[in-house]
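Okay, so here's the structure we're looking at.
Only the coordinates and a few stated rules stand behind these numbers; no lab work does. All values reported here derive from a predicted model rather than from experimental measurement. Here Cβ is always computed from backbone atoms with ideal geometry, including for glycine, and neighbour counts include all displayed protein chains.
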Amino acid sequence: EKGKMEPEPDIDKEPPQSEQSKWESDQISSAVFRFGAKDRKAQQEYSLLMEDEMIEFVQVLHMPGHDREKKREESPPAHVKSLQTIQETKKSLPIYPFRKDLIQAIKDHQVLIIEGETGSGKTTQIPQYLYESGFAEDGKIIGCTQPRRVAAMSVAARVAHEMAVKLGNEVGYAIRFEDCTSHRTRIKYMTDGTLHREFLSEPDLASYSVMIIDEAHERTLHTDILFGLVKDIARFRPDLKLLISSATLDVTKFSEFFDDAPIFRIPGRRFPVDIYYTKAPESDYIEACVVSILQIHTTQPSGDILVFLTGQEEIETCQEILQERVRRLGSKLAELLILPVYANLPSDMQIKIFQPTPPGARKVVLATNIAETSLTIDNIVYVIDPGYAKQNNFNPRTGMESLIVVPISKASASQRAGRAGRVAPGKCFRLYTAWAYQHELEDSTVPEIQRINLGNAVLTLKALGIDDLMHFDFLDPPPPETLILALEQLYALGALNHRGELTKLGRRMAEFPLDPMMAKMLLASEKYRCSEEIATIAAMLSVNGAIFYRPKDKIIHADAARKNFYVLGGDHLTLLNVYNQWAQSDFSTHWCYENFIQHRSMKRARDVREQLVGLMQRVEMELVSGITETINIRKAITAGYFYHVARLSKGGHYKTAKHNQTVAIHPNSSLFQELPRWLLYHELVFTTKEFMRQVTEIESKWLLEVAPHYYKPKEIEDSTNKKMPKVTGRARPDGTN
Ligand code: CDP
Ligand code: MG
């Protein structure tokens, strides 16, 4: 735990080593940075304004910029920049002077590694240069993968704008459950997962003339697997150009993997960034963020602020606290525009983050990791970095996968700091001590393939006919136990036979862009005569934005509204109930508003549901509905999620069925106070402990019925055929009482 480490940073003697070596001529100073310290009046006024103690930062590092003098002449102040025409903006990007050389290099080599600082124009410009050079002639497509949905969408929108075409025509994007392309599309942005799935229908990627694997440094699972797949294709498709594009991190590894492919470096342009650490650890980093934002806003010259938080919930909390503080300070403050950025941000909000800040105002962007390298927001001069990110982690021993908040790596920290120096000299405030930086952050982030569940990836690879996974060409191989566990899970789900070959069920499961467990649940619903209901539940679980709206000032009302939807059996059935009632209201916006339901999430669920139903028809599933008995629905869910089963043990604690790991029902669950004997959960989230989110009561004997390969009668011995508790006043899932 970062917050607990006490020793004073020995800043004079031991500057952080890895940063030191990275920026050759670092100047180390140890000035204590007190906001407004020069201006007594400002400081007095400031301390009057603030009830909380100011945070004291210590500067220990100076990251020099590259050819900053030159840039200063070239680049007009940021607010003037917004008035530039599109053409001028394009010409001002660092990549522009190299466009001819770049195209030539692409013509000369089949595989090219491209390295350039974040914001240099790789993602938005390279596909356009290729398009202008005729790479999309003969109806071929220039493809570009992105690890993140928001990036794929917003970059496509930006490029469509630059090319003055309608999004979805010449320039489009495809992400899971959303295809915004047409037969006219020549530049196509997509998530790496989407391209992974495209291999299933077009194993040689014949529609593409160029494939850009972008943001390669992020090393997501899908990107890592794509490396192996595209490398293989390049061998028998000599006409396919392959570009691997990365932020400035060690790219020699990519080059070696692709048989020593040449590296094209786009020289960076960056202003110096001063890095400050807190003098003492901060116990509450959200609060520390709010205080730091206000400190910057009241005492620092103009320039926007970028804050890195771990997820949507945290961003919303920070936004609420900040708005409340700003409101209390009233007219004493200059205008502060607070803008969130996270994966599920609706597109109208996405546009706002790229709009220029009005003169006199300041913008503060509250972002997840997405703003680290995937999205470039202009005009950022101050970065606040609490030093955490949310990560999916998987324990192959217990088979438990969980979302946890972890300290970032040093490599991430320097990417974050770099965001402050794009338009002017900047400052980065790290909300941790220099000591913590040095002793507690790993050098680089472990690639996803080495720390998450591979079930989905293995299923797709098997469906592609790649049987020998142990010898697949991985950039970094996954741990063998993780691979074996994925194979075992797929076997228990019935997707693989005992020889490790794909079964008919497995082939059908691979048709769905879903986790194998969810795909299995969908397919099992046919047998249990509840496919319509399960399609709804799967759609509601796939929305990944919140369904229930919970504004801070109306928590009591919101929670009461949520409880009204609770039904016997648990959260899956509650989600079904919400959807069915909404459908009965004719999908009304007003209904959502009255019931504290997020309309946006519901619309998305409806969309996803439609597509799932389409896929279910494609694999020739019979669509049935209308059963009144919830046992069937819960059995179908169990058929997919029998890995995620926990039983009640002594003292009211839950332990996972197979590995006896302690888990707890999430307080937001409808079963929080019910304590059923056996239950299954959709996912685990680790905060203060392992919480099960979306839980449903099951009967242990079902496990023998749905997963005879996995559960033995002995393991579920203490089962009772306990009746469901009778709770009055609860609605049935069909909405009646
Ligand atoms: O990929 P790379 O980090 O090298 O740069 P980029 O994403 O192509 O960004 C180049 C420029 O486009 C930056 O100045 C961004 O601010 C701008 N951009 C934008 O205005 N809107 C977007 N949705 C994406 C990029
Ligand atoms: Mg990029």
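Taking amide H as placed 1.01 Å from N in the peptide plane, residue 649 has its amide H under 5 Å from the amide H of 654, 655, each at least 5 places away in sequence or on another chain.
Between the Cα long axis of helix 149-162 and the first principal axis of the chain there is an angle of about 50°, rounded to the nearest 10.
What is the calculated FRET efficiency for residue 471 to residue 333, with r their C-beta to C-beta distance and R₀ = 56 Å, to the nearest 0.05? The value I calculate is 0.35. Extension gain, residue 498 to residue 132: 0.36 nm times the residue separation minus the Cα-Cα distance gives 126.6 nm.
The amide H of residue 114, built 1.01 Å from its N in the peptide plane, has 244, 245, 246, 264 as neighbours under 5 Å, considering only residues 5 or more places off or on other chains. In this structure, residue 607 and residue 279 have a Cβ-Cβ separation that, at R0 = 60 Å, corresponds to a calculated FRET efficiency of about 0.75.
Once C-alpha pairs closer than 8 Å and six or more residues apart are averaged by separation and normalised to the residue number of segment 536-610, the relative contact order reads 48 percent. Each peptide in 562-573, 700-711, 128-139, 532-543 receives the mean, over its residues, of other Cβ atoms within 10 Å, and ordering these scores from highest gives 532-543, 562-573, 700-711, 128-139. Scanning residues 5 or more positions from residue 389 or on other chains, those with amide H under 5 Å from its amide H are 406, 408, with H placed 1.01 Å from N in the peptide plane. Across segment 642-659, computed HN-Hα scalar couplings (Karplus, 6.51 cos²θ - 1.76 cosθ + 1.60, θ = phi - 60°) run 5, 5, 8, 10, 10, 10, 6, 10, 4, x, x, 9, 9, 10, 5, 4, 8, 10 Hz from first to last residue, x flagging Gly and Pro. Peptide packing: for 355-363, 423-431, 689-697, 577-585, the average count of neighbouring Cβ atoms within 10 Å per residue gives the ranking 423-431, 689-697, 577-585, 355-363, highest mean first. For the listed peptides 364-376, 644-656, a ranking on the average number of other beta carbons within 10 Å per residue, highest first, reads 364-376, 644-656. In plain terms, the chain from residue 265 to residue 655 could stretch by 135.2 nm, reckoned as 0.36 nm per residue minus the Cα-Cα distance.
In the chain, the longest principal axis of the Cα atoms and the axis of helix 99-108 are about 50 degrees apart. Zone of residue 313 (label point 7 Å along Cα→Cβ, backbone N under 18 Å): which residues in segment 376-390? Those under the cut-off are 388-390. A crude spin-label estimate for the pair residue 397 and residue 302, with each label 7 Å from Cα along the Cβ direction, gives 5.7 nm. Loop-located GluC sites (Glu not before Pro) in segment 613-686 (DSSP state other than H, G, I, E, B) with a sparse environment of at most 13 neighbouring Cβ atoms within 10 Å: 620, 622, 629.
Using a simple spin-label model with pseudo-atoms 7 Å out from Cα toward Cβ, residue 554 and residue 668 lie 1.7 nm apart. Whole-Hz Karplus values for segment 428-444 come out as 10, 9, 8, 8, 8, 7, 4, 5, 4, 4, 6, 9, 10, 9, 5, 5, 9 Hz, taken residue by residue from phi with 6.51 cos²θ - 1.76 cosθ + 1.60 and θ = phi - 60°; glycine and proline positions read x. Relative to the first principal axis of the alpha-carbon coordinates of the chain, what is the inclination of helix 221-236, with its axis defined by its Cα atoms, in degrees from 0 to 90 and to the nearest 10? That works out to roughly 80 degrees.
Cross-link pairs exceeding 22 Å in C-alpha to C-alpha distance, out of 188/410; 91/140; 520/635; 100/241, comprise 188/410; 91/140.
With the Kirkwood sum run over all distinct C-alpha pairs, the chain has a hydrodynamic radius of 27.6 Å. Computed from phi, the 3J(HN,Hα) profile of segment 257-267 under the Karplus parametrisation 6.51, -1.76, 1.60 (θ = phi - 60°) reads 4, 8, 6, 6, 4, x, 10, 9, 9, 9, x Hz, with x in place of Gly and Pro.
Calculate the FRET efficiency for residue 717 and residue 599 from the Cβ-Cβ distance with a Förster distance of 45 Å, rounded to the nearest 0.05. The value I calculate is 0.45.
Here the extension length gained between residue 344 and residue 709 equals 127.6 nm, from 0.36 nm per residue of separation less the Cα-Cα distance. Note on segment 408-509: the alpha carbon radius of gyration divided by the globular reference 2.2 N^0.38 Å gives 1.61. Modelled this way, with points 7 Å down the Cα-to-C-beta line, the labels at residue 352 and residue 590 are 2.6 nm from one another. Basic side chains Lys and Arg get +1 at the Cβ, acidic Asp and Glu get -1 at the Cβ, and with that the dipole of the chain about its Cα centre reaches some 1480 debye.
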